[in-house]
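J.: Take a look at this one; I'll ask things after.
The values are calculated or read from the model by the stated rules, or taken from the named source; none is laboratory data. Just so you know, these numbers come straight off a predicted model, no measurement behind them. Here the Cβ is made from the backbone with ideal geometry for all residues, glycine too, and neighbour counts use every protein chain on show.
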Amino acid sequence: MKFETRALHTGIEIDEATGASSVPIYQASTFHQASFDESPQFDYARSGNPTRQAVERAIAELEGAARGFAFASGMAAITSVFLLFETGSHIVAGEDIYGGTFRALTRIFSRLGIEVSFVDATDLAQIEAAIRPNTKAIYVETPSNPKLAITDLKGVAQLAHQHHLLSIVDNTFMSPYLQRPHELGFDIVVHSATKFLGGHSDVIAGVATVRDEQLGNDLYLIQNGFGAVLGPQDCFLLLRGLKTLPVRMRQSQAGAMAVAEYLSTHSAVSRVYYPGLAEHPGKALHDRQAHGPGAVLSFELKGQDEVRRLVEHMKLPLFAVSLGAVESILSYPVKMSHASMPAEQRARRGITDGLLRLSVGLEDPDDLILDLSHALSFCRG
Ligand SMILES: *Cc1c(COP(=O)(O)O)cnc(C)c1O
């Protein structure tokens, strides 16, 4: 079946007990056991809950994974995956990864004796050069945030395989509708399900999927033992979000393409970063490994004064942290996602005072462009 159909017919979409058209919110912490002789399907809800099981099966199905796991946030999913590694392990990570992941690695896992080297992941040679005898994993994100740089997923998976390392990718920006890294050889896929998977700016959630059963057992030990599980109400919201993922993604992507094309012709905009534009340096690679450029783009204005004017005059988008929602979300990396990064590092990575990120929602693109064109008329080129 095609992705759109599978998003609705996961095999567990109907409540087995009643035939209800959606999986109920099983708001229970424990389950009655008829006898102590047989092990029940569910005993305690940290270990398993029917609503969580439904969303875990759905995301595994959509990513093409052996198993899926739902966590209390994207960071809970990512840090639970890092708990697979022992003291003395080393991870090679892309330098453009999500700020919270950077913080977890450099300020929390460093204390547990897990080392990390950051490299430009768009260059496979740099990844390979950073591999040491104690390296256990390669961790990447593509397209990256906020400049939408592209990493060669197949290349990274092959490199990891050659050196007997786990390959891990944060697939938040694409969602499985547009990019399925397990099909390209990745062992573990993580998501902030707060973004496109949930899709409505109303739930904090995370998921991880794994390519093989053994890794699934290892991660289940951590999910159950560490306990950062997703509650049943949030599992329900995520299940509901997944049903419309393909249509939301398609509409948002069409809007992003129209907005990116508009911005790239505007005299007040010096650069647009979007893998759907012909001038994007990673476009050919992205087109080989993904089914579309997605709904997030960045663009550069002259400086902070212009950003202030644009933000003051735009009416439609939320001006906020986050992305991947039904409404468009405009964010300012220098003051939001990358505020904790030292200024000279930001400058080296081209995250300037004029850079804005836009996650395009489901609004009619004509209205977004009208809103942008009005606000840009207050900005100097
Ligand atoms: C938001 C985000 C995260 C963190 O997820 P939370 O749900 O906020 O914990 C991780 N990776 C990426 C790419 C994100 O955008």
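J.: Against the definition (touching a Cys at 6+ places or on another chain (Cβ under 9 Å) and in a loop (DSSP other than H, G, I, E, B)), how does VAL269 come out, yes or no?
T.: yes
J.: State yes or no: is ALA66 surrounded by fewer than 17 Cβ atoms within 10 Å (Cβ to Cβ), touching a strand residue (DSSP E or B) at 6+ places or on another chain (Cβ under 7 Å) and within 15 Å of ILE188 (Cβ to Cβ)?
T.: Yes; evaluated as a whole, the condition is true for this residue.
J.: Right, next: Given the stretch 38-139, what helices (runs of 4 or more DSSP H) lie entirely inside it while holding 2 or more residues that are in the same structural domain as LEU184 (by TED's automatic domain parsing) and farther than 25 Å from ARG240 by Cβ?
T.: 74-82, 99-103, 124-130
J.: While we're looking at this one, here's another question. If I filter the stretch 176-188 for residues that are within 16 Å of the ligand (Cβ to nearest atom), touching a strand residue (DSSP E or B) at 6+ places or on another chain (Cβ under 9 Å) and of a type in the set (D, E, K, R), do I get at least one hit?
T.: no
J.: Could you grab me the full set of residues in the stretch 154-177 that are more than 17 Å from ALA130 (Cα to Cα) and either surrounded by 23 or more Cβ atoms within 10 Å (Cβ to Cβ) or touching an Asp or Glu at 6+ places or on another chain (Cβ under 9 Å) (or both)?
T.: Scanning the stretch 154-177 gives VAL169, ASP170, ASN171, THR172, PHE173, MET174, SER175, PRO176, TYR177.
J.: Could you pull out every one of the helices (runs of 4 or more DSSP H) wholly within the stretch 275-381 that has 3 or more residues that are more than 30 Å from THR244 (Cα to Cα)? Spell out the reasoning first.
T.: Numbers: elements: 283-289, 304-313, 343-348, 365-376.
Per the criteria, 304-313, 343-348, 365-376.
J.: Can GLU128 be described as among the acidic types (Asp, Glu), on the phi < 0 side of the Ramachandran plot and under 16 Å from the mean Cα position of the chain (by Cα)?
T.: Considered against the rule, which asks whether it is among the acidic types (Asp, Glu), on the phi < 0 side of the Ramachandran plot and under 16 Å from the mean Cα position of the chain (by Cα), GLU128 comes out as no.
J.: Please verify whether SER73 is crowded, with 20+ Cβ neighbours inside 10 Å, hydroxyl-bearing (Ser, Thr, Tyr) and within 16 Å of the ligand (Cβ to nearest atom), treating the condition exactly as stated. Walk me through it before giving the result.
T.: Details: crowded, with 20+ Cβ neighbours inside 10 Å: no; hydroxyl-bearing (Ser, Thr, Tyr): yes; within 16 Å of the ligand (Cβ to nearest atom): yes.
Judged against the criteria, SER73 is not a match.
J.: Related question: Quick check: anything in the stretch 191-202 closer than 20 Å to ILE127 by Cα and either assigned by TED's automatic domain parsing to the domain that holds ARG67 or out of contact with any Pro (no Cβ under 9 Å at 6 or more places or on another chain) (or both)?
T.: Step one: of the stretch 191-202, the residues closer than 20 Å to ILE127 by Cα are none.
Looking for residues that are closer than 20 Å to ILE127 by Cα and either assigned by TED's automatic domain parsing to the domain that holds ARG67 or out of contact with any Pro (no Cβ under 9 Å at 6 or more places or on another chain) (or both), one finds none in the stretch 191-202, hence no.
J.: On to the next question. Please list, ordered by first then second residue, the pairs with beta carbon atoms under 6 Å, 6 or more apart or interchain, first in the stretch 181-207 and basic (Lys, Arg), second modelled with pLDDT of 95 or more and surrounded by 23 or more Cβ atoms within 10 Å (Cβ to Cβ).
T.: LYS195/THR172; LYS195/LEU323; LYS195/GLY324
J.: Residues ALA45, ALA104, ALA93: which one is within 16 Å of the ligand (Cβ to nearest atom), touching a Ser or Thr at 6+ places or on another chain (Cβ under 6 Å) and farther than 14 Å from HIS191 by Cβ? Steps first, answer last, please.
T.: On the way: ALA45 fails: within 16 Å of the ligand (Cβ to nearest atom); ALA93 fails: touching a Ser or Thr at 6+ places or on another chain (Cβ under 6 Å).
Being within 16 Å of the ligand (Cβ to nearest atom), touching a Ser or Thr at 6+ places or on another chain (Cβ under 6 Å) and farther than 14 Å from HIS191 by Cβ holds for just one of ALA45, ALA104, ALA93, which is ALA104.
J.: Can you tell me which residue among HIS163, HIS200 is within 15 Å of the ligand (Cβ to nearest atom) and in contact with a helix residue (DSSP H, G or I) (Cβ under 9 Å, 6 or more places away or on another chain)?
T.: HIS200
J.: Restricting to the stretch 6-28, name every residue that is modelled with pLDDT of 90 or more and surrounded by 10 or more Cβ atoms within 10 Å (Cβ to Cβ).
T.: Matches in the stretch 6-28: ARG6, ALA7, LEU8, HIS9, ALA20, SER22, VAL23, PRO24, ILE25, TYR26, GLN27, ALA28.
J.: Would you check which residues across the stretch 223-243 are more than 21 Å from PRO176 (Cα to Cα) and surrounded by fewer than 24 Cβ atoms within 10 Å (Cβ to Cβ) and list them?
T.: Residues of the stretch 223-243 more than 21 Å from PRO176 (Cα to Cα): 223-229, 231-233.
Answer for the stretch 223-243, where residues must be more than 21 Å from PRO176 (Cα to Cα) and surrounded by fewer than 24 Cβ atoms within 10 Å (Cβ to Cβ): ASN224, GLY225, PHE226, GLY227, ALA228, VAL229, GLY231, PRO232, GLN233.
J.: Here are the criteria: (1) within 16 Å of the ligand (Cβ to nearest atom); (2) at positive phi. Tell me which single one GLY113 does not satisfy.
T.: So GLY113 meets the others, but not (1).
J.: (1) buried (at least 21 other Cβ atoms within 10 Å of the Cβ); (2) within 24 Å of ASP234 (Cβ to Cβ); (3) at pLDDT below 95: which one isn't true of ASP96, the others all being true?
T.: Evaluating ASP96 over (1) buried (at least 21 other Cβ atoms within 10 Å of the Cβ); (2) within 24 Å of ASP234 (Cβ to Cβ); (3) at pLDDT below 95 leaves (2) as the failure.
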